[in-house]
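K.L.:
One structure, as structure tokens, below. Some questions next.
Just so you know, all these numbers are worked out from the coordinates, no wet-lab data involved. Computed from a predicted model, the values in this text were never measured in an experiment. Please note: Cβ atoms are built from the backbone with ideal geometry, for glycine as well, and neighbour counts cover all protein chains shown.
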Amino acid sequence: MKKKLFAVMCMALSLSMLTGCGGGTNQEMGDEKIEISVGYWPNPETDAERYAIYEGYIETFKQKRPDVTVIPDEMNHSNDTFMALAAAGQLPNIYRVPFTEPKNIINAGYARDITDIMKKRGYDKKLNSDLLDIVTVDGRYYGIPYNGYMMGMWYNVNLFEQAGLVNEDGSLKYPKTWEEVAETAKIITEKTGQPGFGFQCKDAEAGWNFMNIAWSYGVKFMEMGEDGKYTATFATKEMADALQFISDLKWKYNVIPANVLLSRGDLVKLFATDQVGMSICAEDWLDSPVKNYNMPKEKIGTSPMPSGPAGTYAETGGDAWLISAETTDEQLEALFDWLDVVGNGPELSDLAKTNIENNVKARASDGKVITVPAFSVWQDEERNKQIEEIYTPYVNTDPKVQVSMMNDKVMLHAEEPMATQELYRVVSSLMQEVLTNENVDIMPLLEEKQANFQRDFLD
Amino acid sequence: MRAENKRKRTIGQAVMYWLRRDAIGWVLLLPSLFCFTIFMWQPLISGIGMSFFDTKGFETTEFIGLENYVKIISDSGFVNAVQNTVEYALWSIVIGLFVPVIVAIMLNEMIHAKGFFRFAVYFPCMVPSIVTSVMWLIIFDPSAGGLLNHILSLIGLEPSQWLQNSSITIPLIVLTMTWGGFGSTTILYLADLQGVNTELYEAIEIDGGGIFKKLKYITLPYMSGMIKMMFIMQIIGVFQVFQQPLAMTGGGPNNASISLALVAYNYAFSSMEVGKSVATSVVTGLMIFAFTIVYMRLKKSNED
């Protein structure tokens, strides 16, 4: 009897596993209501203020589209999870990706062609054309760049104070050229015992950071021929000089952390805990040391990117909304209405302005760093001016210490056009070799890497 | 015709009899069978199939034969990744194969606090491997304040670059893998040692033999079967090394610790080229397969 009972229980367990896999979809069919799932939704516990604002968005959106139900989805882009979510059809209808990703995602078939609605609603005319290129494949649009940032430098004010690098008016004696970066780093290391400068060197992001230095040394990473084919062109004296610069920081001046294989998280931790004097950063990094390490925001200084022999270059980055491939036409219209309501559309309605202001207000009261965005995805001056007016009352940084990353000298530079992630990985491995091998002969190494990059990714 | 029907019935009846006879066994097997089919065999087989196709995301688009294989093998980083993977395996033999054997023998000989030492040996296996990696990262910190460098400075030696020194990156990663994994193998050896007839030891003692003779003539020959099995298991496991280099070095410095599995991961999750990713995994699988066959042949010829 016991045996039979056990067998029945096993059978039941097996059946329950089988049926468990059947699962329903989150879209109930047969209902007239349109459902849209929206990714990158704030978490109610870790980001309560913004969550409340997003809940408010739903209420205001209902006024415009009572026939649409918004389904919040906290999905945020991560290379580790994206493919699995996409393959399982679990992507929200609209999801955020950083500018480095759209090409691969579009080529993998996980984003929907939205060219017609982009043109109909005027996005194609008002968005920055360089940024539109990021979401364009074969002349068709697949995404909406909505949040742009530029890169610059950030400074640990505590270490600058200890090193005597603060002017009488409280402003920082920040470096204007890469040579001055080395000099400033030497002073910080000498006076405080902490590394004066730090940079990422563990993964592809290291290459992404290094672009700013390389461009300012005059490096051209690739050129397009008449046949549309790209040729890698970075095995040059300029690139060797740029790499020599970081090599000197390590081997000649010894002003960077002993552990060079740093990820972004490692670097932010060192910076926030007074263990690195300065580094390259992106405009949207400022919240991280404040939120994760309780670093007072007035202890973070910023400035434009230093200049090199070929000028001052700052890389632009940002985020785009992509639309999942399964999204229907009806859902697409609803999603674009949603973008209008939350202030990501080309025109700013009163409702959108109120929503943007509420968002900024919530972030400010949550202790986040508020600055007027130095770089916009929109090329519409009027719209950018309206955004500046909304932000200005909530700016909570000290202009003496937190100098805008943008000035007249800075030339904005978009990411390289082909095999971007792969190029970053190559540059990152170059940096690693230079920083872990004091006697490396840079030029032959560059020639080898260039030939391999050409063969593996451009030919 | 009738005879054929009769035969069919007979086979059908035989199968039914067979199923009925082992009904409980089949029912018990069903959940595992189900899990293996869905989570192991189906992905394995469809992955092999996918490697012969051009892919768009996880969808196959066009049959391209061996093109993915040609592409991955002609990639400039492939040979380096194969060399590294073989190096991981060799170092795991040098560092990892005999540590559990020695520890198991020591544990077996222990008289006091046996339980505690068994727990202590097994404890690292209970620590998630990502935690193990982070802990060793702290130990290998190349700054003067790093744990090992601090110890070196106390005895008057220069600090080392540890993982950043590309010539020792792989052995150091293997060391961390050994630390995290030797406990479970030790327990297996320990279980194996319980089967040794203690009278044999007594016989050696009577003949005036000491601990080394016992080891040479009894313990090690007795354990040799298990050691050989663990050798092959270790090669198979280490050939798939992935998490430790990903967490500790990201495959660096300058690809010095990148493994085939990490290359496959980069293809799938960074470049989104699933076809090339599964092709890399199939090549890794074939290498393990080839190695296993060679090993089996050698073993057989030795036995003959």
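K.L.:
Tell me which lysines have Cα within less than 18 Å of A:Lys64's Cα, excluding those fewer than 8 residues away on the same chain?
P.N.:
A:Lys33, A:Lys353
K.L.:
Let me ask something else about it. Points 7 angstrom from Cα along the Cβ direction at A:Asp248 and A:Ser365: gap in nanometres?
P.N.:
Here the answer is 5.1 nm between the modelled labels.
K.L.:
To the nearest Å, what is the center-to-center distance of the range B:131-146 and the range A:421-459, using C-alpha atoms only?
P.N.:
Between the Cα centre of the range B:131-146 and that of the range A:421-459, the gap is 27 Å.
K.L.:
For the range B:1-119, take every pair of Cα atoms, bin their distances at 5 Å starting from 0, and report each bin as a whole percent.
P.N.:
2, 8, 7, 7, 8, 9, 10, 11, 11, 10, 8, 5, 3, 1, 0, 0
K.L.:
Please rank B:Cys35, B:Cys125, fewest neighbouring Cβ atoms within 10 Å first, as an exposure proxy.
P.N.:
B:Cys35, B:Cys125
K.L.:
Could you give the length gained on full extension between B:Phe116 and B:Val99, defined as 0.36 nm per residue of separation minus the Cα-Cα distance, in nm?
P.N.:
On the way: separation 17, 0.36 × 17 = 6.12 nm, distance 1.86 nm.
Here the segment from B:Phe116 to B:Val99 would lengthen by 4.3 nm.
K.L.:
As an exercise, use a Förster radius of 51 Å and the Cβ-Cβ distance of B:Leu157 and A:Arg140 to find the FRET efficiency, rounded to the nearest 0.05.
P.N.:
Using R0 = 51 Å, I get an efficiency of 0.25.
K.L.:
Related question: Among the lysines, select those whose C-alpha is under 23 Å from the C-alpha of B:Lys114, and discard any that sit fewer than 8 residues away in the same chain.
P.N.:
B:Lys214
K.L.:
Here is a further query. Measuring from centroid to centroid over Cα atoms, what is the spacing of the range B:267-290 and the range A:178-228 in Å?
P.N.:
After rounding, the separation between the Cα centres reads 34 Å.
K.L.:
Report the label-to-label distance for A:Ala87 and A:Asp130 in nanometres (one decimal), using points 7 Å from each Cα along the Cα→Cβ vector.
P.N.:
The two pseudo-label positions are separated by 3.6 nm.
K.L.:
For the range B:78-257, just say rounded, prolate or oblate: build the C-alpha gyration tensor, square-root its eigenvalues into a ≥ b ≥ c, call rounded for a/c under 1.5, and beyond that prolate if a/b exceeds b/c, oblate if not.
P.N.:
Prolate.
K.L.:
Enter the Cα centre distance for the pair the range A:241-315 and the range A:40-66, rounded to the nearest angstrom.
P.N.:
34
K.L.:
May I pose another question? Among A:Val395, B:Val294, which comes first, second and so on when ranked by fewest other beta-carbon atoms within 10 Å?
P.N.:
B:Val294, A:Val395
K.L.:
Something else now. Suppose R0 equals 41 Å; then what is the FRET efficiency for A:Glu298 and A:Ala451 from their Cβ-Cβ distance, rounded to the nearest 0.05?
P.N.:
0.25
K.L.:
When we measure straight from the Cα of A:Lys126, which aspartates and glutamates land under 16 angstrom away, once same-chain ones fewer than 8 places off are left out?
P.N.:
A:Asp116, A:Asp340, A:Glu347, A:Asp380, A:Glu381, A:Glu382
K.L.:
Moving on. May I ask you to list the residues of the range A:432-459 whose amide nitrogen lies under 19 Å from a point 7 Å from Cα along the Cα→beta-carbon direction of A:Asn107?
P.N.:
Taking a point 7 Å out along Cα→Cβ of A:Asn107, the residues of the range A:432-459 whose backbone N falls under 19 Å are A:450-459.
K.L.:
Give me B:Ile72, B:Ile38 sorted ascending by neighbouring Cβ count inside 10 Å, so fewest comes first.
P.N.:
Fewest-to-most ranking of B:Ile72, B:Ile38: B:Ile38, B:Ile72.
K.L.:
While we're on this one: Which of these, B:Asn255, B:Asn197, B:Asn108, has the largest mean-square fluctuation under a Gaussian network model of chain B (Cα springs below 10 Å)?
P.N.:
B:Asn197
K.L.:
Okay, next question. Please give the residues of the range B:176-197, grouped as numeric ranges, whose backbone N is less than 14 Å from a label point set 7 Å along the Cα-to-Cβ vector of B:Tyr222.
P.N.:
Taking a point 7 Å out along Cα→Cβ of B:Tyr222, the residues of the range B:176-197 whose backbone N falls under 14 Å are B:189-197.
K.L.:
Per 20 Å bin from zero, what fraction in whole % of the C-alpha pairs of chain A is there, up to the bin with the longest pair?
P.N.:
Over chain A, the share of Cα pairs per 20 Å bin runs 22, 51, 23, 4, 0 percent.
K.L.:
Grab the Cα-Cα distance for A:Glu330 and A:Gln63, subtract it from 0.36 nm times how many residues apart they are, and report the gain in nm with one decimal.
P.N.:
Going from the current span to full extension adds 94.4 nm.
K.L.:
Between A:Lys385 and A:Glu161, how high is the FRET efficiency from 1/(1 + (r/R0)^6) when r is the Cβ-Cβ distance and R₀ = 30 Å? Nearest 0.05.
P.N.:
Values: r = 36 Å, r/R0 = 1.21.
The value I calculate is 0.25.
K.L.:
Among the listed pairs A:Lys237/A:Lys449; A:Lys361/A:Lys400; A:Lys202/B:Lys276; A:Lys176/A:Lys250, give every one whose C-alpha distance is greater than 18 Å.
P.N.:
A:Lys361/A:Lys400; A:Lys202/B:Lys276; A:Lys176/A:Lys250
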